[in-house]
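Okay, structure first, notes after.
The values are calculated or read from the model by the stated rules, or taken from the named source; none is laboratory data. Note that the structure is a prediction, hence the values are computed from the model and not measured. Every residue, glycine as well, gets a Cβ built from its backbone with ideal geometry; the counts of neighbours run over all protein chains shown. These area figures cover heavy atoms from the full protein model, side chains too; ligands, DNA and RNA do not enter into them. Shrake-Rupley method; radii C 1.70, N 1.55, O 1.52, S 1.80 Å.
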Amino acid sequence: MEREYPQKMFWLFVLTNFLFHFFYLSVPGIILCIVGIWIKTCLYIGCAVLGLNLILSIVEQSRIRNAAVSHSENPEFNELMDAFCSPDGLQAVGKVLDEKIKSTPDDESEKGKDQ
């Protein structure tokens with residue numbers, strides 16, 4: 001079965017990368033654009049920095065998408081990515097993770113039984 005990465009999630013994660021992963025580019029770019037209201041050179045530099053930030057965010061998310069849709073030798077990763085690429089998306093991932101948590105024994109309860 002061929003996995004299809006959700007388009008909506010791709011752009012949501014590009015936005016997340018734009019704001020948080022490349023934070024060192026987004027903040028100066030925004031500040032330069034604000035200063036660019038009065039100084040046109042700063043506006044052009046700020047737009048260039050934000051454009052670079054956007055390109056890097058799309059490239060990074062494309063690499064993540066390619067890793068997610070390709071099949072891995074790790075069956076747990078494949079199970080999570082099959083759930084994520086399903087129509088339910090994040091809800092299906094939540095269900096898979098809940099099942100994994102319930103199936104693993106609780107370390108704290110085992111420590112209490114041994115004492």
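Miscellaneous remarks
- Within the chain: Cβ-based charge dipole about Cα centre, in debye rounded to nearest 20 (Lys, Arg +1; Asp, Glu -1): 820 debye
- Loop-located GluC sites (Glu not before Pro) in the range 1-69 whose Cβ has at most 13 other Cβ within 10 Å (DSSP): Glu2, Glu4
- Exposure ranking of Lys100, Lys95 by accessible area [1.4 Å probe, largest first]: Lys95, Lys100
- Pairs of lysine residues in the chain - Cα separation under 24 Å, sequence separation of 8 or more or cross-chain: 5
- Taking the chain and dividing mean pair separation by its residue count, relative contact order in percent (alpha carbons under 8 Å, at least six apart): 26 percent
- The chymotrypsin sites (Phe, Trp or Tyr not before Pro) of the range 13-115 that DSSP puts in a loop, and whose beta carbon has at most 15 other beta carbons within 10 Å, are Trp38.
- By the equivalent-ellipsoid construction on the alpha carbon gyration tensor, the chain comes out with semi-axes of 41, 20, 11 Å, ordered largest to smallest.
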